[in-house]
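Below: the structure, in structure tokens.
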Amino acid sequence: MRIIISAGGTGGHIYPALSIIEGFKKYDKSLEVLYIGTKNRMEKDIVPKENIPYYGIEIYGLTKNILRDIKDVFLIVKAKKEVKKLIEEFKPDVILGVGGYVTYPVLMAARAKHIKTFIHEQNAIPGKTNKMISKYADIIGVSFPETRKYFPNKKVIYTGNPTGIRALNTPIISKTSLGLKESLPLVVVVCGSLGSATVNKIMTGYLNTLENAKYQIVYITGKALYPEFTKTNYPKNVLVLPYLDNLSGLLKSADILVARAGASTIAEIKALNIPSILIPSPYVANNHQYFNAKALVDNDEAIMLEEENLSTDNIKKTIENLLNDKEKYQRIKNNLSKVNTLDSTKIIYEAVKELIKK
């Protein structure tokens, strides 16, 4: 099988795409892949490290700046022409779009060249690009059953999020390997692959209150925001890191996760059965992280703390209440344990294989 796959912008799109590639390689040893991303977002660094052939196109998300948007429209047209040429050279059997505005010219070029397409939506509320291209896609995979209603029903299959099964297969990172105590509970705090300046300000105050806490914190800041944390000496039970490649491995040793409510994070929470405190980012399209978090909260599978209510005292109180309320903690774990983590990559592979046959 020969596939072109496109996803970009954030880890929430990139890691599901990588999981799909990983799964497809398992089922098809002769698989050939070309990944199309942007020239300036994080996928340009992440994907080549995985030894996956990569092609970057120049494209930016549309804004409310008319002059910039006019330029961006021209870039979309240019990108579509580039992708058409790539399609002629690579001759894919199918093209997969896994989220982010970079997928728009890729999927539109696929339509123009009459190549079959699959798109995947990770969030409870679909992104703008997937909504726009859904009418042209042959198959639409969704991570949440409730997302079906936003797309043409006959095209939709429930796949779950590919990062869930990948998390289950990830090697564990022990507490001791990071210099932490095995005997103390571990709380992991991470606010997306890019970090959050707003949450960082709150965390600075919170981390300094933990001198006598009977638990440990690993706070992952995001690379860009890390330098400000190197200026402070935090208590011994606090470990601050800029980034961690194998976050799923650490979550296997954690007792609580405090995080944004991106789609990949939700998938990992469900797969790894980890109680969480979700702080949805209010800065994302369609407020989709709020709805991602709400899907868990409604089933008593997580706690939500909205950013507008975030403070040093509130984050500390919420974490410690969950750690100390054994009944509530266990109830959340029990509810999560009832969630069936789908083998998403296998479901997607089988659907794509059948699509190619048609």
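The values are calculated or read from the model by the stated rules, or taken from the named source; none is laboratory data. Computed from a predicted model, the values in this text were never measured in an experiment. Here the Cβ is made from the backbone with ideal geometry for all residues, glycine too, and neighbour counts use every protein chain on show. These accessible areas exclude ligands, DNA and RNA; they are computed on the full protein's heavy atoms, side chains included. Shrake-Rupley method; radii C 1.70, N 1.55, O 1.52, S 1.80 Å.
Across the range 284-307, a minimum of one residue is classified as β-branched (Val, Ile, Thr), crowded, with 17+ Cβ neighbours inside 10 Å and either within 18 Å of the chain's Cα centre (by Cα) or over 14 Å from Ala261 (Cα atoms) (or both). Scanning the range 1-27 for residues that are outside any loop (DSSP other than H, G, I, E, B) and in contact with an Asp or Glu (Cβ under 7 Å, 6 or more places away or on another chain), which turns out farthest from Asp93 (Cα to Cα)? Across the range 1-27, the extreme among qualifying residues is Ile14. Here the condition is being buried (at least 20 other Cβ atoms within 10 Å of the Cβ), at pLDDT below 95 and closer than 18 Å to Val188 by Cα; of Ile315, Ile332, it holds for Ile315 alone. You will find that of Glu301, Glu307, Glu327, the residue that is charged (D, E, K, R) and in contact (Cβ under 8 Å) with a residue 60 or more places away in the chain is Glu307 and no other.
Against the definition (open to solvent by 40 Å² or more (accessible area, probe 1.4 Å) and modelled with pLDDT under 90), how does Lys353 come out, yes or no? Even if it seems obvious, please write down each step before you answer.
Values: open to solvent by 40 Å² or more (accessible area, probe 1.4 Å): yes; modelled with pLDDT under 90: no.
Against the criterion (open to solvent by 40 Å² or more (accessible area, probe 1.4 Å) and modelled with pLDDT under 90), Lys353 does not qualify.
Counting only residues that are open to solvent by 70 Å² or more (accessible area, probe 1.4 Å) and of a type in the set (S, T, N, Q), the range 146-171 holds 2 of them. Among the residues of the range 172-205, those that are touching a residue at least 60 places away in the same chain (Cβ under 8 Å), surrounded by fewer than 21 Cβ atoms within 10 Å (Cβ to Cβ) and either in contact with a Pro (Cβ under 9 Å, 6 or more places away or on another chain) or not in a loop (DSSP other than H, G, I, E, B) (or both) comprise Leu178, Thr198, Ile202, Gly205. Ile59 meets each of the listed conditions (1) without any contact (Cβ under 8 Å) to a residue 12 or more places away in the chain; (2) within 28 Å of Ala263 (Cα to Cα); (3) β-branched (Val, Ile, Thr) apart from (1). Scanning for something among the acidic types (Asp, Glu), farther than 20 Å from Lys346 by Cβ, at pLDDT below 95 and more than 19 Å from the chain's Cα centre (by Cα), does the range 39-54 turn up at least one residue? Taking every residue of the range 39-54 in turn, none turns out to be among the acidic types (Asp, Glu), farther than 20 Å from Lys346 by Cβ, at pLDDT below 95 and more than 19 Å from the chain's Cα centre (by Cα). Considering each residue of the range 135-145 in turn, at least one proves to be modelled with pLDDT under 90 and surrounded by fewer than 24 Cβ atoms within 10 Å (Cβ to Cβ).
Do you know which residues across the range 92-141 are among the hydroxyl-bearing types (Ser, Thr, Tyr) and assigned to a loop (DSSP other than H, G, I, E, B)?
Tyr101, Ser134, Tyr136
Among the residues of the range 146-170, those that are more than 19 Å from the chain's Cα centre (by Cα) and modelled with pLDDT of 90 or more comprise Arg148, Lys149, Tyr150, Phe151, Lys154, Lys155, Val156, Ile157.
Looking for something within 19 Å of Leu355 (Cβ to Cβ), open to solvent by less than 70 Å² (accessible area, probe 1.4 Å) and not aliphatic (A, V, I, L, M) - is there at least one such residue anywhere in the range 65-75? Checked the range 65-75: no residue is within 19 Å of Leu355 (Cβ to Cβ), open to solvent by less than 70 Å² (accessible area, probe 1.4 Å) and not aliphatic (A, V, I, L, M). For the range 28-51, a residue qualifies if it is assigned to a helix (DSSP H, G or I) and either within 14 Å of Val94 (Cβ to Cβ) or open to solvent by less than 50 Å² (accessible area, probe 1.4 Å) (or both), and the qualifying residues are Glu43, Ile46, Val47.
Scanning the range 214-236 for residues that are open to solvent by less than 20 Å² (accessible area, probe 1.4 Å) and polar (S, T, N, Q), we see that the one that is farthest from Thr176 (Cα to Cα) is Thr221.
Taking the conditions exactly as written (among the aliphatic types (A, V, I, L, M), open to solvent by less than 50 Å² (accessible area, probe 1.4 Å) and more than 20 Å from Leu207 (Cα to Cα)), does Leu272 satisfy them or not?
So Leu272 passes the test.
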